[in-house]
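The values are calculated or read from the model by the stated rules, or taken from the named source; none is laboratory data. Nothing here was measured: the structure is a model prediction, and the numbers come from that model. So basically every Cβ, Gly included, is an ideal-geometry build from the backbone, and we count neighbours across all protein chains shown.
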Amino acid sequence: MTEGKELKSVIKSGLIAAGLILMLTGSGLAGEVFRGRLLTERAPIEPPAVDILIEIESWTTPDEVLQFSEVMARSGIDSFLNLFNSTKKGTVRFLYARGYNLTIHMAQVKEEAEGKKKILLVFRREPWSQGTQLGTARYYFMVMELKLNEQGKGEGRFYEDAQIQFDITNGLVFMDSYGTSPKMIPTIRAVKKK
């Protein structure tokens with residue numbers, strides 16, 4: 001076997017193991033609903049804070065991360081964005097008269113010590129309300145990071161101009177950098193399972 005084939009075999013085995021771990025540890029959250037408050041930083045033109053509803057239908061698997069990475073490497077950004085835009089993992093709803101819904105295209109959960117969890121949601125960069133004026137972007141994506149305690153309560157941040165990267169060895173997507181300061185989500189809590 002050539003060195004390249006051996007490496008690919010090792011990576012595939014690692015992705016299968018990571019997928020099983022993710023399925024065993026993170027699948028309990030799939031289908032859950034979260035409610036929170038997002039500080040808009042747009043008062044008095046927009047409300048100073050808006051309610052958000054996060055509905056996660058499924059998680060991004062290690063195999064999907066590998067597929068995203070391969071499409072990006074082989075076919076370029078346009079093919080990657082077509083694949084990204086066709087993937088739906090849930091929805092974030094901005095619950096006020098001018099708010100839109102954002103499609104979640106990638107969603108991952110990371111288990112931490114003492115029952116704590118970190119959730120990463122990735123969206124296409126687009127306006128999330130009629131009053132949203134997105135400035136000149138450096139990146140294609142928006143990212144929402146949520147930190148939850150063992151009771152499913154916590155806080156988060158919403159990055160309107162973010163860059164993502166892939167860790168294919170561990171089957172993960174992560175935020176690499178961002179272009180503007182995040183909007184704060186001072187309260188977030190799990191509501192119910194779908």
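Report whether or not Tyr140 is farther than 16 Å from Gly36 by Cβ, touching a strand residue (DSSP E or B) at 6+ places or on another chain (Cβ under 8 Å) and of a type in the set (Phe, Trp, Tyr). Considered against the rule, which asks whether it is farther than 16 Å from Gly36 by Cβ, touching a strand residue (DSSP E or B) at 6+ places or on another chain (Cβ under 8 Å) and of a type in the set (Phe, Trp, Tyr), Tyr140 comes out as yes. For Pro127, indicate whether it is within 17 Å of Leu39 (Cβ to Cβ) and not aromatic (Phe, Trp, Tyr). No: the conditions fail for Pro127.
Screening Ile16 against (1) outside any helix (DSSP H, G or I); (2) modelled with pLDDT under 90 leaves a single unmet condition, (1). Looking across the range 103-140 at every residue that is modelled with pLDDT under 95 and aromatic (Phe, Trp, Tyr), the one that is farthest from Thr61 (Cα to Cα) is identified as Trp128.
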